[in-house]
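Only one structure is covered here, and it is reproduced in the block below.
The values are calculated or read from the model by the stated rules, or taken from the named source; none is laboratory data. In this text, all values refer to a predicted model and were calculated from it rather than measured experimentally. In this analysis, Cβ positions are derived from the backbone assuming ideal geometry, glycine residues included, and neighbour counts consider all displayed protein chains. Heads up: the accessible areas ignore ligands, DNA and RNA and are worked out on the full protein's heavy atoms, side chains in. Shrake-Rupley method; radii C 1.70, N 1.55, O 1.52, S 1.80 Å.
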Amino acid sequence: MATRWGLCGAGKISHDFSVAIKTLPPGDHRIAVIASRSIDRAKDFAQKHCIPKAYGSYEELANNPKIDIVYLGMLHTEQWRVGMLFLKAGKNVLCEKPFAMNSRKVKDLVATAKKNHVFLMEAIWSRCFHVYAEVRRLLAEEVVGDVKLVKAYFGSPQLDIPRSVQKELGGGLTEYYRLKESKRMPLADSVLLSEIMAEIRKQVGVVFNQDSQ
Ligand SMILES: NC(=O)c1ccc[n+]([C@@H]2O[C@H](COP(=O)([O-])OP(=O)(O)OC[C@H]3O[C@@H](n4cnc5c(N)ncnc54)[C@H](OP(=O)(O)O)[C@@H]3O)[C@@H](O)[C@H]2O)c1
C-alpha cells in the first residue's frame, strides 16, 4: 500500500515537495492531505496538486489516524512548536531544515520522537545526492588526505535528484520506520549541526528571541 503523506504548510517548499513526490511511483507514495492555517490556502494547494483532502488547521492533520507520515514545510521559526504537536500525536515526521532555532529545541524534538517511538528526519535534501555518498567513500578509504577546502559542482542535479530521492524514500522508508531515523541524515548529525551553529553564533554574537523562550 502507498505511504500516505500529510503536508503541513502550504508554502513554496511544500509546493516543491509535492512536485518531487509525483516523480515517484504512485503506488509507493500518495499525498492524502494538505493542512494550512488558512482553509482557502489549503483548498487552493489541494486543487493545484490534486490532493483529495484540505484542512484549515494543523491540529486536524495531527488527529487524522490514516496518515503515515507528515511533511513539515513551514517557516523554521515555527517548526519546533508544530513538530512537537505531531510527534506527541504519534506521527512520523519529515521536517524541513533547520529542525529548530537552537540546539536545545533540536534536542527536545529528538527526545520527543524517541519517547513516542516515531520516525523523525531533518530534510536536508543534499544528503540524498549521489555525490555525498561518493565523497564519504573517498574519505573512508583514505583516497584523499586531510580535507582543507571543498568546492562542489552539481552537473545535472535536476536529473539526479528524482532518482536519489526515489532511492531514499521509495526503497528505504519501511526500514527507516523500523529504525526511527534516516541512515543518511541521522538524528545525531542534526544535533551535531545544531551545536556547531550554536558555537558559530556564540563566536559572532548572534542571539535569537527563541533562545530565551
Ligand atoms: N523554499 C526553499 O527552497 C527552502 C529550502 C530549504 C529549506 N526551506 C525551509 O522551509 C521553510 C519554509 O520555506 P518556504 O520557502 O516554503 O516559505 P513560505 O513559502 O513563506 O512558507 C512558509 C509556510 O509556513 C507556514 N507558517 C506557519 N506558521 C507561520 C507563521 N507564524 N508565519 C509565517 N508562516 C507560517 C505557512 O503555512 P500555512 O499558512 O499554509 O499554514 C507558510 O505557508 C524555511 O523557513 C526553511 O526553513 C525552504
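Side notes on the structure shown:
- The residues L149, L75, L179, L187, sorted by heavy-atom accessible surface at 1.4 Å with ligands and nucleic acids left out, run L149, L75, L179, L187 from largest to smallest.
- Whichever aspartates and glutamates have a C-alpha closer than 12 Å to that of K183, once near sequence neighbours (fewer than 8 apart) are set aside: E122, E168, E175
- Rounded to the nearest 10 square angstrom, L94 shows an accessible area of 10 square angstrom against a 1.4 Å probe.
- Histogram of C-alpha separations across the stretch 8-153, 10 Å bin width, %: 10, 35, 30, 17, 6, 1
- Computed over protein heavy atoms with a 1.4 Å probe, the carbon and sulfur contribution to the accessible area of the chain reaches 57%.
- Exposed-site-free run, longest, the chain (rule: chymotrypsin sites (Phe, Trp or Tyr not before Pro); DSSP loop; at most 15 other C-beta within 10 Å): 1-152
- Ordered from largest to smallest accessible area (heavy atoms of protein chains, 1.4 Å probe), the residues R136, R201, R37, R178 come out as R37, R178, R136, R201.
- Divided by 2.2 N^0.38 Å, where N counts the residues, the Cα radius of gyration of the stretch 49-113 comes to 1.11.
- Over 19 Å (Cα to Cα) - which of K151/K202; K22/K97; K91/K114; K88/K115; K22/K48; K43/K88 fall in this group: K151/K202; K22/K97; K43/K88
- Shape category assigned to the stretch 26-68 from the gyration tensor of Cα positions, a/c cut at 1.5: oblate
- The stretch 15-127 - percent relative contact order, Cα under 8 Å, separation 6 or more: 18
- Relative contact order (percent, whole number), the stretch 43-101, Cα cutoff 8 Å, 6+ residue spacing: 33
- Residues with amide H under 5 Å from that of V93, placed H, sequence gap 5 or more: V70, F119, L120, M121
- Exposed GluC sites (Glu not before Pro) absent: longest stretch of the chain, with sites in DSSP loops and at most 15 other Cβ within 10 Å deemed exposed: 1-140
- Karplus 3J(HN,Hα) series, Hz, for the stretch 108-123 with 6.51 cos²θ - 1.76 cosθ + 1.60 (x for Gly, Pro): 4, 4, 4, 5, 5, 4, 5, 4, 8, 6, 10, 6, 9, 9, 7, 7
- From phi via Karplus (6.51, -1.76, 1.60), per-residue ³J(HN,Hα) for the stretch 201-210 in Hz, x at Gly/Pro: 4, 4, 5, 9, x, 9, 10, 9, 3, 5
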